Each structure stands twice: as C-alpha cells, then as structure tokens.
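Structure, as structure tokens:
The values are calculated or read from the model by the stated rules, or taken from the named source; none is laboratory data. Note that the structure is predicted; figures quoted are calculated from it, not measured. For neighbour counting, all protein chains shown are included, and Cβ atoms are generated from backbone atoms with ideal geometry for every residue, glycine included. Accessible surface is based on the protein model in full, side chains and every heavy atom, while ligands, DNA and RNA are left aside. Shrake-Rupley method; radii C 1.70, N 1.55, O 1.52, S 1.80 Å.
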Amino acid sequence: MKRYLLTAIGIGITGAYLFPLYWMYATALKDDAEIVQYPPTLVPQRPFWNVGEVFFGRHMPSYLWNSLVVAVGVTALVIVLGTGCAYVLGRARGRWVDALLFFVLMMQVLPSSLVVTPLFVGFNLAGLLGTPRLAVILAQTAKALPFYVVICRASFAGVPRDLEEAALVDGHSRLAAFFHIAVPLARNGILVAAVLVFLQSFGEYVFARSMISDDGLQTATVGLSAFLGPNTSDWHGIMTYSAIYVTPILIIFVLLQRRIVAGLTAGAIK
Amino acid sequence: MQITLDGLQKHYGTYHALKSIDLAVPAGQFVALVGPSGCGKSTLLRTIAGLEAISAGTLRIAGEDVTRRPPRQRDVAMVFQSYALYPHMTVAENMGYALKLRRLNRTDIARRTQVAAATLGLEALLGRYPRELSGGQRQRVAMGRAIVRDPKVFLFDEPLSNLDAALRVHMRGELRDLHDRLAATSVYVTHDQIEAMTMADHVVVMRAGRIEQQGRPLDLYDRPASRFVAGFIGSPAMNILPGTVDPSGRAARLDGAEGPLLSLPMLLEPGRPVLLGLRPEHLRLSQEGGARFDGVVDHIESTGSTTFVKLKVASQAMVMTLARRLDVTLGDPMQIGFDPADLHIFDRESEASLVTQRDAPPRAGRA
Amino acid sequence: MKISGQTSRPGRIAVSALPDPTASTMRLSVFDTFRDGRGLDALLVLLTLVYLIVFGLAPILYTVLMSLQQVDMFTLGDFSRPFVGFANYVDVLTRPEAGMVARHTLVFVALSVACQLVLGFALALFFQQDFPGAGIMRGLFLAAWIMPGLVVGGIWRWMLAGDNGVVNSLLAVTHLHPTKIFWMSDPATSLYAVTIANIWLGIPFNMLLLSVGLAAIPKDLYEAAQLDGAGPVERFRSITLPMMRATLGALVSLSVIFTLQQFDLFAGMTQGGPSNSSNVAQFWSWQLSFQTYDIAGGSTIAVLMIAVVIGVATLYVRSTRHEQIG
C-alpha cells in the first residue's frame with residue numbers, strides 16, 4: 001500500500017517538474033484571447049490548432065532543414081573522428097593516455113560562448129564564413145567530440161579485451177578486430193552518444209547565431225530567437241513553433257530513454 | 001609442429017617480464033608452463049600467440065621464423081581463461097569464425113564445425129548463444145573453436161580455472177585425450193601444478209621471467225633442481241628446513257637447539273649451511289633402523305584415506321602424510337623415519353639442489 | 001597435427017588441411033603497423049587529437065593573442081594586428097559594468113549549483129525508494145535536459161511573464177505573493193528569473209549522478225546501522241553523506257562548469273538586461289564580440305573565464321583520480 005502511495009507522490013512530483021513542457025503544448029493550443037486571460041486557464045478551453053500557419057509563415061521548413069544539416073554533419077564527423085579515439089582510450093593504460101584524457105576533458109568544458117569569438121575571427125580569416133553551415137558544423141564538432149569520446153570510451157572499456165585477442169588469433173588484423181568485434185559490441189554506447197550529439201547539435205544556438213548571417217541558412221534556434229524578440233507577445237505562435245521543433249526530439253528521447261540513461265551513467269562515472 | 005624459442009625477451013618499459021627464454025617443444029608434445037602468478041608464464045604464451053610483441057630473440061613455429069608476425073599469420077589457436085566467446089554470435093558462428101575469415105566456403109565451414117562439435121558433444125548447442133550456455137559448455141565451445149581450425153599449435157591459457165572442482169578434474173582427462181587424438185602440439189599455462197603433472201609430457205617451471213627447471217613431470221618431482229621447484233611441485237609441499245652438515249660430513253643436523261641428526265646420502269663439507277627437504281609422503285612412523293628423528297604431534301587432520309600430521313621437530317614445523325588412520329593425541333612424541341635416498345639437499349645460499357646430479361634409483365609405484 | 005601415417009588412430013578427427021596462411025613471409029611494413037601495431041592506436045587517437053588542437057586548443061591560444069591586441073572592425077580581417085599589452089584587461093576590468101557582471105556571475109553560479117544539488121539530492125533520495133515506476137519517472141526528468149536551451153528559455157519567459165504568466169497566477173492563488181512580479185523587466189528579479197530556469201534545467205543531471213552514487217552504497221551498511229539503533233536521519237548523516245562525498249565533490253565541479261556554459265537561457269529570456277541587471281560573464285563576452293564588435297574586449301573576458309573553467313575542471317579531474325566516481 002505504501003508503495004502505491006509513493007508512486008502517487010512520484011507521479012505528482014514528475015508532473016510538477018515537467019509542467020513547463022505541458023505548458024508549452026497547452027499554450028500552443030490556446031487562441032490569442034485565451035492566452036491573455038488572467039488568471040490563465042490550465043486546460044485550453046477552445047483547443048485551436050495552428051501548426052500550418054506557424055510552420056510555413058515562420059519559414060520553419062528551411063530552419064529545420066538547416067538544423068538537420070548541421071546536426072547530421074556534426075554527428076557524422078564526430079563518429080568518424082571520435083570512435084577510434086574512444087576505443088584506444090578505453091583500452092590503453094599509461095601516462096600518455098591520462099594526459100590525453102585530461103586534454104579531452106578540458107576541451108569538453110569550454111563554454112561555446114567563449115570560444116566562438118576566436119573561431120569567428122579565425123574562420124573569417126580562413127574564408128570559412130562563406131559556407132556558414134560548414135563553419136557551424138566544424139565549431140560544434142569541436143564541442144561535441146570530447147563528449148562523444150568520453151561516453152563511448154566507457155562503452156569500449158566494457159568490451160572484454162580477450163574477445164579482440166581471440167579475434168586476432170582467429171585471423172583478424174587489429175583494424176579488422178576493431179571494426180568486427182569491438183564496434184559491434186560497443187554499439188549501444190556508440191548509439192547513445194551519437195544520438196545525444198545529434199540532439200545537442202539540433203538545438204545548437206551560439207555558433208549558428210554568431211556565424212550564419214544569411215537567413216536562408218539559419219537554424220531553427222535562431223529562427224526561434226528572432227520570434228522571441230524583446231517585446232514579443234505572440235506566445236501562441238512561439239509555443240507552437242517550440243512544440244513543432246521539440247516534439248521530434250522528445251519522441252527520440254522517449255524511444256531511447258532507457259539506453260540514454262544507462263549510457264550517460266556509464267560515461268559519467270568511469 | 002615444433003615450437004622453438006631462442007633467447008626470447010620481453011620488456012614492458014623498464015619491467016623485464018621474460019629474461020632470455022630458451023625452449024623447444026617437439027611436435028605432438030603437451031607442454032605445461034607452470035609457476036606462481038607474475039612468473040611470466042602467461043606472457044610467454046601470449047608471445048607465442050603473437051598477442052605480445054617480442055622484444056628480442058626468435059620464435060619459430062614449424063621451423064619458420066614468426067617472431068615479427070601478427071597472430072593471424074602464425075596459425076595458432078588459443079583457448080582463453082575467460083573463453084572469450086563472441087557474445088553476438090551463436091556457437092556455430094563462434095566455431096566457424098576463423099574459417100570464415102580464411103574465406104572457406106559455407107559448406108566446408110558447416111561440415112568442419114559439425115565434425116568438431118561431434119567430437120566435443122556440442123551438436124545440440126550449435127544454434128545457441130554463449131549467454132545460454134553453462135560454464136562447462138562454454139569451455140567446450142572455446143575448445144571447439146580451437147580444434148575446428150586444425151592449427152599448427154594449440155595454446156591454452158588456464159582454460160579450466162573457471163570450472164568447479166569436479167568438472168575440472170574430468171576435463172583434465174578429456175583435454176589430454178583430445179590432444180592425443182588430434183596428435184596436436186599443445187602449450188598449456190596453469191598455476192596448478194597438479195594439472196601440469198597429470199596432463200603434460202613436459203613441464204616447464206617458471207619463476208620471475210625465467211625458466212627455473214623443465215623436464216618430464218616425475219623427473220621434476222624426483223629431482224627438483226632448486227628449492228623453488230621442490231616447494232612448487234608436489235602437494236602438500238615439501239618440508240624444507242635449514243640444517244648444517246655435521247663434522248663427519250655424512251650427516252646433517254636440523255638447526256635449532258639439539259636438532260636431530262639426519263644421515264646424508266653423500267659426502268658434504270663439514271659445517272656447510274644447507275636446506276634439507278623431505279616430502280610429507282616420504283616420512284613414516286618408525287621403530288626400526290635407518291634414518292630417523294624425533295618429533296612431537298602438533299596438529300592432526302584426517303580425510304579418511306589420508307592423515308596429515310603436523311609435527312614440531314626441533315622447534316620447526318613439518319608435515320607428514322600417512323595413507324592410514326592414526327590414533328595419537330596432540331603433544332605425543334613420535335619417531336619419524338625416512339629413506340636417506342629421499343632426502344633433498346639444497347645450498348642455503350643459491351638454493352640450488354646438491355643432489356640432482358645423483359642418479360635416483362628407480363622407484364616403482366610412485367604417483 | 002599432421003595427418004599422414006596416423007589416420008588409423010581410433011577417434012581421429014578427419015579434417016582437411018587448410019591453405020597455409022603463413023605462406024608469404026611478411027615483415028611489418030608501414031601499412032601493417034597501422035593494421036596490426038601501435039600505429040593503429042596512434043592513427044585513431046590522432047584523428048581526434050588533431051581536430052581538437054585545431055578547433056579547440058588553437059582558438060583558445062588565439063583568444064589569448066587577441067586579448068593582447070587591438071582588434072576592431074578595421075583589423076578584423078588582418079593577420080597581424082598591433083599589440084597593446086594588457087590595455088584590454090585594464091579597459092574591460094575598469095568598465096562600470098565589470099564589477100556588476102562579476103557579481104552576477106557569482107550569484108548565478110552559486111545559487112544554481114546549490115539549488116540543483118539540494119533539489120537533485122532530494123529527488124534522488126525519493127526515487128531511490130522501491131516503488132512501481134520509480135525508474136521510469138526518474139528517466140523522464142532527463143527530458144528537460146535534452147531540450148534545446150533556447151526553447152527552455154522561451155517557455156520559462158512565458159511562464160514568468162508579468163501580466164499573464166502562470167507562475168504569478170500560482171503565487172497569487174497560493175497567497176505566496178499576491179501582486180504580480182515582473183520577473184524579466186524588473187532589474188531586481190531578472191537574474192533570478194534566469195537562475196530559476198537554469199536550476200530547472202540542471203536538476204535531472206544532478207539527480208542522475210546522485211542516484212548512481214546512492215545505488216553504489218552497499219545496502220548492508222544501512223542494515224548494520226539499523227541494528228545499531230540509528231534512525232533515518234542518523235543513517236543519512238552517518239552513512240549516506242560520507243559515502244557520497246566523492247560524488248558530491250565531482251558533481252559540484254561539473255555543475256559549476258555547466259552553469260558557466262549557460263548561454264541560451266540568457267539569450268532566450270533577458271538578453272542580459274534590463275541594463276545588465278541579469279548579465280553574466282559568458283554572455284557579456286559574446287555581447288561585446290558580436291553585438292558591439294569589441295572583439296578585443298570579448299576575447300579578454302573569454303580568456304579570464306576560460307582560465308576559471310579550466311581551473312575548476314582541473315580540480316574535478318584531481319578529485320576523480322583518487323576517488324573512482326565522477
């Protein structure tokens with residue numbers, strides 16, 4: 001009996017915590033008159049769905065496409081560059097491994113808003129700002145790569161070394177053993193890390209805001225920030241925009257929730 | 001296929017793991033590498049497999065220099081302590097993996113997997129995943145994965161140490177039987193001297209990166225070249241007590257006040273400090289003549305078939321095993337006898353045996 | 001294991017001889033080092049290392065360089081710029097808003113970290129209990145953590161809106177604060193508005209790590225303490241807290257780091273205003289560089305803050321090296 005009481009309290013706490021998400025969806029379903037009502041109605045009285053107008057009126061297809069380009073680019077680059085490093089760091093021991101890990105951690109903690117200044121000036125000199133989405137991909141990859149390496153490393157460290165050695169004796173080269181044995185067995189961690197990198201990059205703001213000037217190449221966050229101007233009052237539109245933008249992210253999260261929690265825990269602890 | 005190691009060295013940074021190992025394993029032999037943990041036996045096996053790079057020296061398999069070759073170019077099969085079965089593959093896929101990597105066609109792989117599975121009684125398990133198997137079954141699959149390849153050499157890295165005691169004893173016999181049927185060349189690493197003694201044609205005792213002694217199992221038992229081997233081979237371990245050669249040169253006295261006199265099978269310089277070794281099973285209760293000394297019963301244990309008697313002899317501890325029951329109480333005095341030919345004598349300083357050169361008389365019926 | 005002459009042995013396994021894979025006598029070539037030797041490790045590590053040096057380390061060094069140079073709209077595209085020594089540092093630190101921004105940063109970090117830790121710990125303890133659905137609910141909290149920061153900023157700005165925000169309405173209904181608070185536009189509350197949103201964002205991560213730490217405490221410790229007569233409060237004080245010390249230490253460092261990375265909430269809620277009343281260092285640095293094009297000033301603050309972040313991160317690494325938790 002006590003356990004069900006705890007469950008009830010738990011649902012209450014979780015519900016209260018996730019109330020902002022509910023409020024986003026609730027506001028997206030209210031019309032302008034209901035929005036300015038005070039005190040606000042907790043449940044939309046005249047549900048009103050306005051996806052099409054916001055979606056096209058606010059150029060969301062272009063914004064979302066650009067966000068997708070950035071997120072896919074970053075994720076692909078991070079997987080190619082980082083998986084091998086995570087593997088080596090999960091396997092090897094020694095002073096230089098510690099030093100490398102320290103370096104990776106230091107790169108992970110740097111705030112984007114601080115490194116964006118030199119990156120902007122440097123990219124400007126290198127002519128990269130002419131292809132601003134590529135510039136954002138390059139910058140965001142530097143931010144996401146350390147995170148990916150740290151999470152994946154724990155996963156590779158969990159693959160018994162014996163299995164790779166058995167593969168060497170069975171006839172694989174080390175490179176082949178990495179691809180055919182280590183990577184398939186660490187795929188859960190790789191998947192989680194890649195998904196998290198994808199979601200982070202899909203919601204990236206600082207780099208896109210600072211480096212992309214052409215509105216046609218802007219990402220969804222920057223589109224939202226334009227919507228969120230200082231004196232905005234179109235909360236219905238903003239919350240609809242947010243809901244359209246966030247719903248796919250939440251769906252991915254709910255689908256992979258269990259693995260994400262496990263992967264994060266392992267990566268953060270080891 | 002024979003394996004030849006010439007002056008093999010292995011360094012890990014400043015740590016010298018293998019110090020000039022010379023070893024020749026004739027084709028078809030079963031060789032056991034034994035020693036305490038950290039002695040280098042596993043490292044030696046892994047250098048043969050190619051999993052550890054060789055720092056200096058040469059390694060030949062079937063006459064070919066494979067010192068610098070990666071594992072896949074050595075044609076060796078290995079059974080790991082953890083079995084190292086690929087968790088994402090079925091038993092059949094595990095066993096056939098090496099063949100698949102050699103691009104054999106599917107029917108050949110299936111046929112050979114079948115044959116190997118039949119040999120080990122694994123036919124019913126071919127479709128299962130490793131996580132669905134018991135420890136003993138996994139062990140068999142690991143062996144199956146090795147034999148299906150028909151390799152030049154089999155390497156075993158403590159393959160039985162994760163099994164329970166009864167299964168381990170059973171698998172000892174089965175493994176040796178398999179070796180004979182395949183006419184294979186096997187190198188077997190274990191820390192368990194009984195495994196080495198019961199399975200191997202040739203036992204290599206290692207210590208601190210060197211080969212301490214090698215030879216046929218019973219030769220090591222009968223004529224240990226050093227105090228280390230004497231203490232390592234045989235169970236319970238040999239009693240090794242400090243003593244001093246007495247003025248006659250024909251006997252030695254156990255150190256400690258008024259220690260008993262033990263007659264020596266040879267002449268040694270008087271006053272020389274030595275270590276005297278007597279195996280527990282070579283001691284007996286004695287009234288009649290021959291070499292003997294006095295002790296006091298300190299502790300007694302019986303398994304029913306064997307009685308272990310702990311004795312105090314001149315304030316030093318000794319163990320005696322008897323193949324019968326004994327009705328004594330603690331503190332009882334006891335006369336212990338032994339055959340002088342069974343006495344091992346080691347130099348106190350170098351710990352090398354002083355009697356190994358002597359030809360031991362043939363002893364019948366000793367196991 | 002050759003077959004000739006021994007085929008008559010009983011029980012012999014008939015397996016055909018294999019093509020000899022060692023037929024070619026190979027030495028390790030350069031190519032093979034990468035396939036089989038240490039070269040593979042080096043290659044795989046270098047991919048990441050080189051990338052992070054070019055796009056991570058080099059920018060930091062470049063910021064340091066720019067903080068010592070005169071960088072403005074005119075010299076932005078030049079490779080060499082005039083050096084000005086520490087003039088930028090003197091300039092930035094003597095600006096009237098510098099002290100205010102530093103104070104805000106401190107308040108923002110201290111308040112965020114403390115509240116995230118306390119609330120995260122309370123939630124971790126609650127969901128540590130054994131009841132149906134505890135694991136799933138704990139996982140759902142992470143939904144907040146995964147959301148784009150800017151969206152979270154937008155939602156909270158709407159919830160904290162002065163005229164018709166749901167938070168004000170809630171405060172009125174519960175009689176906690178009957179009059180409307182203009183969270184974002186009142187300089188007295190704007191920093192706290194962002195802090196509240198940031199606490200909300202940081203709770204799941206704190207809760208997750210603390211849950212892991214709690215799960216690692218052996219249950220028999222509590223049973224032993226119970227037999228010794230310790231009540232729930234005493235058990236928490238004498239077992240939970242000491243056993244969680246390593247986790248708590250690591251978590252505080254990580255929370256400080258994450259809080260210093262927070263940018264999107266400021267962009268989404270207050271833009272650092274009104275009149276810098278909610279501005280913090282990491283946002284100010286960006287504003288200087290990208291809104292007033294004072295790149296030297298932005299770089300100077302970036303250098304100072306990067307030094308702080310790296311200092312905290314070093315503490316974190318040090319603490320986790322001894323304790324295997326973090």
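Observations, loosely collected:
- Adding -39500 (n - 2.57) for every DSSP H run of four residues or longer, then dividing by how many residues chain B holds, sets the calculated 222 nm ellipticity at -7000 deg cm²/dmol.
- Per residue, in Å², the accessible surface of chain C once ligands and nucleic acids are set aside, probe 1.4 Å: 45 Å²
- Taking both sides together, the accessible area buried where C meets A is about 8700 Å² for a 1.4 Å probe.
- Per-residue HN-Hα couplings for segment B:110-124 [Karplus 6.51, -1.76, 1.60; θ = phi - 60°; Hz; x = Gly/Pro]: 4, 5, 5, 4, 4, 4, 5, 5, 5, 4, 9, x, 10, 3, 6
- Note on B:Ser55 and A:Arg46: with the Förster distance fixed at 56 Å, the Cβ-Cβ geometry gives a FRET efficiency of about 0.10.
- In straight-distance terms, cross-link reach from C:Lys180 covers every one of the aspartates and glutamates whose alpha-carbon lies under 13 Å from its own, apart from those fewer than eight places away in the same chain; here that gives C:Asp163.
- Sites A:Gln37 and A:Thr247 - FRET efficiency at Förster radius 30 Å, r taken between beta-carbons, to 0.05: 0.75
- ³J(HN,Hα), Karplus 6.51/-1.76/1.60, whole Hz, each residue of segment B:95-104, x for Gly, Pro: 5, x, 4, 4, 5, 4, 5, 8, 6, 6
- The label-point distance for A:Ala176 and C:Lys219, in a model that sets each label 7 Å from Cα toward Cβ, rounds to 4.7 nm.
- Among C:Ile199, C:Val54, C:Ile295 the positive-end extreme of the charge dipole of segment C:42-320 (Cβ point charges): C:Ile199
- Shown in residue order for segment B:127-135 are the 3J(HN,Hα) couplings computed by the Karplus curve 6.51 cos²θ - 1.76 cosθ + 1.60 at θ = phi - 60°: x, 8, 9, x, 5, 8, 10, 7, x Hz (x for Gly and Pro).
- Max mean-square fluctuation residue, GNM over chain A, Cα-Cα springs under 10 Å, options A:Gly223, A:Gly122, A:Gly189: A:Gly122
- Considering only C:Leu251, C:Leu47, C:Leu142, the mean-square fluctuation computed in a Gaussian network model of chain C, springs between alpha carbons under 10 angstrom, is largest for C:Leu47.
- Mean Cα-pair separation over length for chain C, i.e. relative contact order, pairs under 8 Å, 6 or more apart, %: 24 percent
- The residues of chain A present an accessible area of 39 Å² per residue when probed at 1.4 Å with all protein chains retained.
- 1.4 Å probe, heavy atoms, protein only - residues of segment C:198-212 losing at least 30 Å² accessible area vs chain alone: C:Trp200, C:Leu208, C:Leu209, C:Val212
- Solvent-accessible area per residue for chain B (1.4 angstrom probe, square angstrom): 42 Å²
- Average other protein chain Cβ within 10 Å of Cβ, residues B:149-162: 2
- Total accessible surface hidden between A and B, rounded to 100 Å², 1.4 Å probe: 1600 Å²
- Comparing each chain alone with all protein chains together (probe 1.4 Å, DNA, RNA and ligands left out), the residues of segment A:89-114 losing at least 40 Å² of accessible area are A:Leu100, A:Phe102, A:Phe103, A:Met106, A:Met107, A:Val109, A:Leu110, A:Pro111, A:Ser113, A:Leu114.
- The protein assembly as shown - percent of accessible surface contributed by carbon and sulfur, probe 1.4 Å: 61 percent
- Dividing the summed helix terms, -39500 (n - 2.57) for each DSSP H run of n ≥ 4, by the number of residues in chain A produces a 222 nm estimate of -24500 deg cm²/dmol to the nearest 500.
- Within a Gaussian network of chain A (alpha carbon springs, distance under 10 Å), most fluctuating of A:Ala177, A:Ala76, A:Ala186: A:Ala177
- Remark: the Cα gyration tensor places segment C:42-320 in the oblate category, a/c being 1.5 or greater and a/b not exceeding b/c.
- Alpha carbon centroid spacing (whole Å) that separates segment A:213-270 from segment B:1-55: 58 Å
- 18 Å cut-off, amide nitrogen to a point 7 angstrom out along C:Phe83 Cα→Cβ, residues in segment C:40-74: C:61-72
- Of all aspartates and glutamates in the structure, the ones whose alpha carbon falls short of 17 Å from that of B:Lys310, not counting any fewer than 8 places away in one chain, are B:Glu281, B:Asp294, B:Asp298, B:Glu301, B:Asp327, B:Asp332.
- Interface area, C with B, accessible, probe 1.4 Å, both sides summed, Å² nearest 100: 2300 Å²
- In segment A:66-97, trypsin sites (Lys or Arg not before Pro) in a DSSP loop with at most 13 other beta-carbon atoms within 10 Å: A:Arg93
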